[in-house]
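Notes follow once the structure below has been shown.
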Amino acid sequence: MEKIGIALGAGGARGLAHVLMLEALDELGLKPAYVSGSSIGAIAGVLYCSGMTGKELRELLNTLTVPERNSIKNVFNLKWLDFIMPQFDGAGLLKAENFINFLFGSISARTFEALDIPLFVVAANFWTREEIILKSGELVSALQASMSLPGIFAPVLMGDQVLIDGGAVNPVPFDILPGDCDLTIAIDVIGHRTAGPGLMPSLRDAIFNTFQIMEKSITREKLRAARPDIYIAPDISDVRVLEFYKAEHVFRQAQPAKDQLKRELEKRLKYS
């Protein structure tokens, strides 16, 4: 059996698509040797590396998400509001401690060392502007750092380092997977946006989409330098960073990418 490494990319609510990609591995009876993750990919990575299956991840998310047809447009449903609450200290608009604590209520691991699969989490050092790879020690602070999207969540202080969202430096961290991988898979969930009727974006869209333009540019340059063996980019359109209530929409749009991943893996396994 080949040693597989999978990188789960940043993308906010679009990262719900990672659930389908992990389901694809499960359905083929495959278990990666390593997982790397940035931002929402780090969250999915922690849950998966702790022993949860893709199906169990989907069931966990279903406890938080009401059907899209019952949601109010462009806002969280009340279940998500319970977990991601406003804060007023000036460091960020929201705090996510309750959400992270809820996730950790579903798993027993509290440190990287307790995970079933080795995990590599990406964050960015705010002051030195460097990539930081977290792979040992306490998990909660690593997750908070990797998902600290500037202007939304406050930076995280770890030792003498101020850490922010990993997407700022490495949105799809396939290049940090260990070199002994026989097969590397990269899941890019940045998606795309289409222009509104007035063309000009709102202030909120201008800020968040600019960050995503930067993320896409970083990934494009990394792919030019070196490519993973399998690169999957689910065609997810018009899902904003915090629109987690659109889970059904994301799953529908990501299904073709799940099918593509299974075909590519089956082909690879057939000739290995």
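The values are calculated or read from the model by the stated rules, or taken from the named source; none is laboratory data. Just so we're clear, the structure is a prediction, and the values are computed from it rather than from any experiment. A quick note on method: Cβ atoms are made from the backbone with ideal geometry, for glycine too, and the neighbour counts reach across all protein chains shown. Just the protein is used for accessible areas: all its heavy atoms, side chains included, with ligands, DNA and RNA removed. Shrake-Rupley method; radii C 1.70, N 1.55, O 1.52, S 1.80 Å.
Condition first: farther than 22 Å from Ala123 by Cβ, open to solvent by 10 Å² or more (accessible area, probe 1.4 Å) and in contact (Cβ under 8 Å) with a residue 60 or more places away in the chain. Now tell me which residues in region 1-18 satisfy that. It would help to see each step written out before you state the result.
Taking region 1-18 first, the residues farther than 22 Å from Ala123 by Cβ are 1-4.
Subset that is open to solvent by 10 Å² or more (accessible area, probe 1.4 Å): 1-3.
Result: Glu2, Lys3.
Restricting region 217-232 to residues that are open to solvent by 50 Å² or more (accessible area, probe 1.4 Å) and aliphatic (A, V, I, L, M) leaves a set whose member that is farthest from Glu2 (Cα to Cα) is Ala225. Restricting region 140-176 to residues that are in a helix (DSSP H, G or I) and without any contact (Cβ under 8 Å) to a residue 40 or more places away in the chain, the residue that is nearest to Glu243 (Cα to Cα) is Ala145.
Flag: Asp235 matches the condition of being closer than 28 Å to Gly54 by Cβ and in a loop (DSSP other than H, G, I, E, B).
When Trp127 is tested against (1) open to solvent by less than 40 Å² (accessible area, probe 1.4 Å); (2) at pLDDT 80 or above; (3) among the hydrophobic types (A, V, I, L, M, F, W, C), just one condition goes unmet, and that condition is (1).
Looking across region 20-29, the residues that are open to solvent by 10 Å² or more (accessible area, probe 1.4 Å) and free of Cβ contacts under 8 Å to residues at least 40 places away in the same chain come down to Asp26, Gly29. Has region 245-263 got at least one residue that is surrounded by fewer than 18 Cβ atoms within 10 Å (Cβ to Cβ) and among the aliphatic types (A, V, I, L, M)? No: zero hits.
Restricting region 30-54 to residues that are part of a strand (DSSP E or B) and under 11 Å from Asp116 (Cα atoms) leaves a set whose member that is least open to solvent (accessible area, probe 1.4 Å) is Val35. For region 40-70, the set of residues classified as at pLDDT 95 or above and of a type in the set (Ser, Thr, Tyr) consists of Tyr48, Ser50, Thr53, listed by residue number.
Name the single residue that is least open to solvent (accessible area, probe 1.4 Å) among those in region 177-216 being among the acidic types (Asp, Glu) and in a loop (DSSP other than H, G, I, E, B). Restricting to residues being among the acidic types (Asp, Glu) and in a loop (DSSP other than H, G, I, E, B), the top hit is Asp188.
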